[in-house]
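The values are calculated or read from the model by the stated rules, or taken from the named source; none is laboratory data. Since we're looking at a predicted model, the values are computed, not measured. Cβ placement follows ideal geometry from the backbone for every residue including glycine, while neighbour counts extend to all protein chains displayed. Accessible surface areas use protein heavy atoms only, side chains included; no ligands, DNA or RNA. Shrake-Rupley method; radii C 1.70, N 1.55, O 1.52, S 1.80 Å.
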Amino acid sequence: MALIGLVRVSTDKQNTQRQHDALDPICWKVFEEKISGKLNSDDRPALLEALSHIRDGDMLTVQEVDRLGRNLLEGLIVLNDLFQRGIAVKVLDGIAAGEHTERSLILDLALALAEDRRRDIVRKTNNGLEAARRRGRVGGRRPVVDADKRAAILDRRKRGQSIRTIAADVGVSVGVVHKTLTDARQQEQQP
């Protein structure tokens, strides 16, 4: 019997080290994916690879049951497929911690809670973004051009410098220079 691990986070910016620390020492092989757990299992290449790699008697191992997914239906489908193939699931942490060879109320509940947590995260994020917009704040990156850089860009352009030269001298991209000049022209045209 081999333990086959699955590590999952939703985005490239999230760290998988905590899950690897738990799974690497005990698993024969660990598959990692950085993809939303709300997706269908067919749209999750690492999950599919892990499932195709597992043989009779092996055990799919996850740190927490929500690593299988944050979609109740898809999680149940994955579990049912595994259990029908005679493959057990080992969950290291959380309310469903333990080894499972068949569906149980606790596994179903853990998957339902994972979906509910995901829904709650999305709702809170949207509420926070909406509150910020009401206060006049817009998300996204901070502007690259401050007042000094803007003045330098406009002054250099008035002296006839090319956009490429300005970008190199000021330390910004050609696109930033172009946008700064366009914005300045639009402000001049406003009554």
Self-check item: Qualifying aspartates and glutamates (Cα of each under 13 Å from Cα of Lys34; at least 8 residues distant if same chain)
Solution: Asp12, Asp43
Quiz item: If you roll a 1.4 Å probe over segment 140-191 with all protein chains in place, what percent of the accessible area is carbon or sulfur?
Solution: 48 percent
Self-check item: By average C-beta atoms within 10 angstrom, highest first, the peptides 106-118, 46-58
Solution: 106-118, 46-58
Exercise. First check a/c for the chain, with a ≥ b ≥ c the square roots of the eigenvalues of its C-alpha gyration tensor; if it is under 1.5, answer rounded, and if not, answer prolate when a/b is larger than b/c or oblate otherwise.
Key: prolate
Quiz item: How many Å² of accessible area per residue for the chain, probe 1.4 Å?
Solution: 62 Å²
Exercise. Determine the calculated [θ] at 222 nm for the chain from helices alone, applying -39500 (n - 2.57) to every DSSP H run no shorter than 4 residues and normalising by the residue count; nearest 500 deg cm²/dmol.
Key: -16000 deg cm²/dmol
Quiz prompt | Bridge type composition, the chain - antiparallel percent by DSSP, nearest 5 | solution = 20 percent
Quiz item: In a GNM of the chain with a 10 Å cut-off on Cα contacts, which of Gly171, Gly94, Gly75 has the highest mean-square fluctuation?
Solution: Gly171
Quiz item: Ordered by residue, what ³J(HN,Hα) values in Hz, to whole numbers, does segment 151-159 give under the Karplus form 6.51 cos²θ - 1.76 cosθ + 1.60, where θ = phi - 60° and Gly and Pro are x?
Solution: 4, 5, 4, 5, 5, 5, 5, 4, 7
Quiz item: Suppose R0 equals 30 Å; then what is the FRET efficiency for Asp81 and Gln17 from their Cβ-Cβ distance, rounded to the nearest 0.05?
Solution: 0.55
